[in-house]
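Structure first, commentary second.
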Amino acid sequence: MVRIIIVLSAHAGAGQTTITVNLASALARQGHRVLIAEKGENAKLRAWLGLAQTADNHPTSPDHTSPGTLATRIGPDFWVMGDAERIPPEFAVDYEYIFLLPAIPAGCESLLPRCDRILVCCSLEEKDTARQVIDLDQHLSSLTGSPRPVDLVVMNKINTKEWHNNLECFSLLAEYFGEERIADPLPHCERIHDLPLDSRTVWELSQENLRDAFMRLIEIIKLW
């Protein structure tokens, strides 16, 4: 059964691409067939994964039977597609996880009917983070008709010296969504920040605490 997850960013620099790539690569490492599908070209994603900004290769599906749909192979079970609007129905049997990655939240409206879950990333470095996430959820509610459409909020770039701000943000989000929809925060770390520059993932780092933080997200997603 395919799980289609849309990953949204409450604001710039919230870790949308970083979280998506690390989750997708982990699932692929575990033997799951995974696809990241963009809407709007994501330069960071393409530079990270070593893809051309403008694809000139012959587009194929994983079994090379669906010409006209761009799917670029990153690893044995890990693919990236250049247009989330054009995912053909047959891809539902080709993949176990599809991550939809719109460049901006305003570009997600046409993708919402296709997704099973909504994951929203936010940064604890940003002012009014909780308010921005809640505003996004209310906007999505107006589009979907669901009272609380966001399934999981991932707080990123936690600063251990700013516990008052961190706890205030967590409390506001937990009061609105419920604690079960708030993931454990991801730490602020230059090693994570530099992963796209090195074309690596968190699974290639030696720091067990960083890998564990992302693995807890994987455990939640696999329960969906």
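The values are calculated or read from the model by the stated rules, or taken from the named source; none is laboratory data. As the structure is a computational prediction, the values presented were derived from the model and not from experiment. For neighbour counting, all protein chains shown are included, and Cβ atoms are generated from backbone atoms with ideal geometry for every residue, glycine included.
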Quickly run through the range 90-144 and pick out the residues that are of a type in the set (Gly, Ala, Ser), over 16 Å from the mean Cα position of the chain (by Cα) and assigned to a loop (DSSP other than H, G, I, E, B).
110
Exclusive hit being touching a Pro at 6+ places or on another chain (Cβ under 8 Å), surrounded by 12 or more Cβ atoms within 10 Å (Cβ to Cβ) and farther than 26 Å from residue 3 by Cβ, set 111, 124
124
Consider residue 99 against the criteria (1) surrounded by 14 or more Cβ atoms within 10 Å (Cβ to Cβ); (2) more than 15 Å from residue 7 (Cα to Cα); (3) touching a strand residue (DSSP E or B) at 6+ places or on another chain (Cβ under 9 Å): it satisfies all of them except one. Which criterion is unmet?
(2)
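Taking the range 145-184 as the region of interest, how many residues are assigned to a loop (DSSP other than H, G, I, E, B) and modelled with pLDDT of 90 or more? Working first, answer last.
To start, the set of residues in the range 145-184 that are assigned to a loop (DSSP other than H, G, I, E, B) comprises 145-151, 157, 159-162, 178, 183-184.
When the remaining residues are screened for being modelled with pLDDT of 90 or more, the result is 145-151, 178, 183-184.
Matching residues across the range 145-184 total 10.
Considering only residues that are in a loop (DSSP other than H, G, I, E, B) and within 18 Å of residue 131 (Cα to Cα), look in the range 1-23 and name the one that is nearest to the chain's Cα centre (by Cα).
15
Kindly establish whether residue 37 is under 18 Å from residue 220 (Cβ atoms) and at pLDDT 85 or above. Break it down into steps so the answer makes sense when it comes.
Values: under 18 Å from residue 220 (Cβ atoms): no; at pLDDT 85 or above: yes.
No, not satisfied.
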Any idea which residue in the range 167-181 is nearest to residue 156 (Cα to Cα), counting only those that are of a type in the set (Gly, Ala, Ser) and within 22 Å of the chain's Cα centre (by Cα)?
174
